[in-house]
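Each value in this text was obtained by applying a stated rule to the coordinates, not by laboratory testing. Values in this document were obtained by computation on a predicted structure and should not be read as measured data. Please note: Cβ atoms are built from the backbone with ideal geometry, for glycine as well, and neighbour counts cover all protein chains shown.
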Amino acid sequence: MNDTPGWASPGSAPSDGQDTSVPRPAGPADDTGSAPKWSPDQPPAGQWSPPSAPGTGPAPQQPAPTPGWGGPAYGGGPGYGGGPGPGYGWGPPPAAKPGVIPLRPLGVGEILDGAVSTLRAHWRTVLGVTLAVAVVSQIAEILVQRYLLPEPVAIDPDASPSEALNQAADSVQQSLVSLVPSLALTVIGTLFTTSILTVVISRSVLGRPVTLSEAWREARPRLPQLLGLTVLLLLMSTAIMTISVLPGVLLGSAAGAALALLGGFPGVAVVIWLMVRFNLASPALMLERRGVMASLRRSAKLVAGAWWRTFGILLLTLVLTFLVTLVIAVPFGILAAAVDGGGLDGLLSGTGTDLGWPFLIITGIGTVVATTITYPISAGVTVLLYVDQRIRREALDLELARAAGVPGYGSQQPGHGPSRS
């Protein structure tokens, strides 16, 4: 018996403490107070059927519910308010999926799957731009390493502690100088690939085809602003790291080196925090046609309250792309060391410091292959993170469904539906 107020099963006995004067439903008219008598002839179990009215045929069957809300595909079925056929059960209808992602808040796996699906769906366009940029930038980097960079600083194992410290400082300085050309080439390559891949991924969300010429035509006007954004983020990171290690560098002793190292940790933490906070600035700049500072503010607004989730997804993507790069680069590195004059013995012992043409070319090919595969995934995750945050905060899925022509998402009547920014 259900003890819910206002509910009692018909003909039940009064509950403990219930007033017997409260009227209850009358019992059956033939109730004589004796034990019920059942007919010995009973139909087999499970074969009861509703009685038919006199003079009529079998009772008409109930019409089946119309397929729609709450079918088995939505988690319904027998025991959930429906029957075994289509259109029964409870649960929300599935989200529309005109392209590589469903138009609803995304999980981590769906973001990664969407990036890979974009690579598969538009492989000609994606691989065309990434392969071209990777080949050009790698050739330029090989030439810089061969002809412009100085020879590595020789480390004397018998040097005194002060001489060893000076040699280490010279080695670090030379490494930083050598990093500048490579960083500049990386920035230029990233600039082109980010601009084009952002357009490609935004089209793939809507399920629309796009060619390389169309993506370039749409992305080209935004290149100056994207360059300004990239340079500003690099300068910001460099300034923070310089400020954090500068006191130790100026001190110039073993204690100064320790102080520089100690100051570098909070500097790295601040840089990571800012880079995650401003990670969605480039898709906001490309897709919303915003300026540099407006894109930074837009990214900070979208990431606010979801910093750790964004950081986790970016870290997972970084780990996955690193593993893919490692799987590709290690065989090429071993092959390059075997073909080059130093051989495998020089690679394993660390004595082979002269980088010949065979080593540079083979490792460069490995870098091109790894970059061509991994960079579209990284760019796809960034753009899909931007889309996901706008779906969560601004119901962008409704606009995307209308733009994709999904049935049932027509233009809203005035005064209906959520506002859009």
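Once you order the gyration tensor axes a ≥ b ≥ c over the Cα atoms, which shape class does segment 175-255 get: rounded for a/c under 1.5, otherwise prolate or oblate by comparing a/b with b/c?
On the way: a/c = 3.72, a/b = 3.20, b/c = 1.16.
It comes out prolate by the Cα gyration axes.
Starting from the Cα coordinates of segment 201-324, work out the convex hull volume and express it per residue in Å³. Intermediate results must be reported in sequence, preceding the final value.
Details: hull volume 19.2 nm³, N = 124.
Expressed per residue, the convex hull around the Cα atoms of segment 201-324 is 155 Å³.
Work out from phi, with θ = phi - 60° and the Karplus expression 6.51 cos²θ - 1.76 cosθ + 1.60, the ³J(HN,Hα) of each residue of segment 391-401, listed in order in whole Hz, and give x for Gly and Pro.
5, 5, 9, 10, 6, 5, 4, 5, 5, 5, 5
For segment 235-293, what does the equivalent ellipsoid look like in terms of its semi-axes, each the square root of 5 times an eigenvalue of the Cα gyration tensor, given largest first in whole Å? Working shown, then result.
Details: eigenvalues 224, 20, 5 Å².
Ellipsoid half-lengths, sorted descending, are 33, 10, 5 Å.
Select from segment 244-320 those trypsin sites (Lys or Arg not before Pro) which occupy a DSSP coil region and have at most 13 other Cβ atoms within 10 Å, ordered by residue number.
Filter output for segment 244-320: Arg289.
Hey, can you rank 179-188, 134-143, 384-393 by average C-beta count inside 10 Å, highest first?
Numbers: 179-188: 14.4, 134-143: 17.6, 384-393: 22.6.
The packing order, highest mean first, is 384-393, 134-143, 179-188.
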